[in-house]
Every structure is written in structure tokens, then in C-alpha cells.
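Inspection log for the structure reproduced underneath, given as C-alpha cells.
The values are calculated or read from the model by the stated rules, or taken from the named source; none is laboratory data. What you see is a predicted model, and the numbers here were worked out from it, not measured in a lab. Every residue, glycine as well, gets a Cβ built from its backbone with ideal geometry; the counts of neighbours run over all protein chains shown. Areas reflect the complete protein model, heavy atoms only, side chains present, ligands, DNA and RNA absent. Shrake-Rupley method; radii C 1.70, N 1.55, O 1.52, S 1.80 Å.
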Amino acid sequence: MNWWLAAGSLAAVLALAGIARMLKLGGAQHLTNGKDAIGLAEVLVSGFEGQVGVVAADGGRAAVAGGPGDLVVIEPLGARYRATRFKAARVVMVHPEADGTKLALELQPGTVLRITVADGEAARAFAETLS
């Protein structure tokens, strides 16, 4: 075994890992606000026009309302996001609490999505738009 070749290969791998970390490639992605969620939903779902977006307090999941009953749910899928559109969604519950406003959304009969939103004002605007 050639030790110089092994050491050079290890140095190259570590250098590439350092460059990837410096460029912030990979790793967990988080949405920061409703405008980011609206823009992402409009890019991922053809023909969708978002009006109000909310992002979960942990930044991982988001929901965007396009009008009454028109909803796009954005969830992380590896290094990317997955967007699913629901045409008959409705708000089941809006409950303000100390850690944020809890929303319960019925996506389709028998399927409920629960999301905690840090911005209470955005959660109320979202519920009004979806209703």
C-alpha cells in the first residue's frame, strides 16, 4: 500500500468537505418566513398563486393558502422540498398558545395537519384566507 497516495486521497476528501461546508451545501434547510414559502410554493406547483404563507416554528414545514380551500403544504424531502396541493382544505382549529399559534388543517377527509406557527398575526391571516 502506498501511504503517500492514501494520505493525498484523505487530504483531497477533507478539502472537498471543507469547501462544501464553507458554501453551506447540504444539511438541513429551513424556511424563514411566509414570503419564502409563497415563492417556493409557486415555483414547485404549476399554476398556483399564493396569498398567505405560514412557516412552522421549527422552520421545517410550511403551508401556503391560495384562496378558499386552496392549500399547498411544503415539507422537506432530503436536500429539497416536496409540495402537495389540496383543493378542498379547511381550517379546523386556530389556538394561540405561549409557544405559538397552533393550526389544525383538514387536508382531505380523515387527514389532519397540525402545525405550530410562531407568528400569530400570519396564522390568523392564513386562516381567514383559507376559509
Original post:
When each pair of different Cα atoms in region 1-64 is counted once in the 1/r mean, what is the Kirkwood radius in angstroms, to one decimal?
Top reply: 14.8 Å
**OP:** Using a cut-off of 10 Å between beta-carbons, work out the net charge of the residues near A62 (Lys and Arg +1, Asp and Glu -1, A62 not included).
**Re:** -1
Original post:
Using unit Cβ charges (K, R positive; D, E negative) and no other charged atoms, how large, in debye to the nearest 20, is the dipole of the chain about its Cα centre?
Top reply: 400 debye
**OP:** Run down the lysines and flag those whose C-alpha is under 28 Å from the C-alpha of K24, throwing out any fewer than 8 positions away in its chain.
**Re:** K35
Subject >> Projected label distance in nm at A104 and A15, using a 7 Å step from Cα toward the beta-carbon >> reply: 5.7 nm
Original post:
Along the charge dipole of region 3-108, which of A20, P76, G66 sits closest to the positive end, that is, farthest toward it, with unit charges on the beta carbon of Lys, Arg, Asp and Glu (+1, +1, -1, -1)?
Top reply: A20
Subject >> Å³ per residue enclosed by the Cα convex hull of the chain >> reply: 149 Å³
Original post:
What value, in deg cm²/dmol to 500, does the helix sum -39500 (n - 2.57) over DSSP H runs of n ≥ 4 give at 222 nm once divided by the residues of the chain?
Top reply: -10500 deg cm²/dmol
Original post:
To the nearest 10 square angstrom, what accessible area does R90 show with a 1.4 Å probe?
Top reply: 120 Å²
Subject >> Solvent exposure, largest accessible area first (probe 1.4 Å, DNA, RNA and ligands not counted), of E49, E42 >> reply: E49, E42
Original post:
When averaged across all projection directions, what area in nm² does the alpha-carbon convex hull of region 28-76 cover?
Top reply: 3.1 nm²
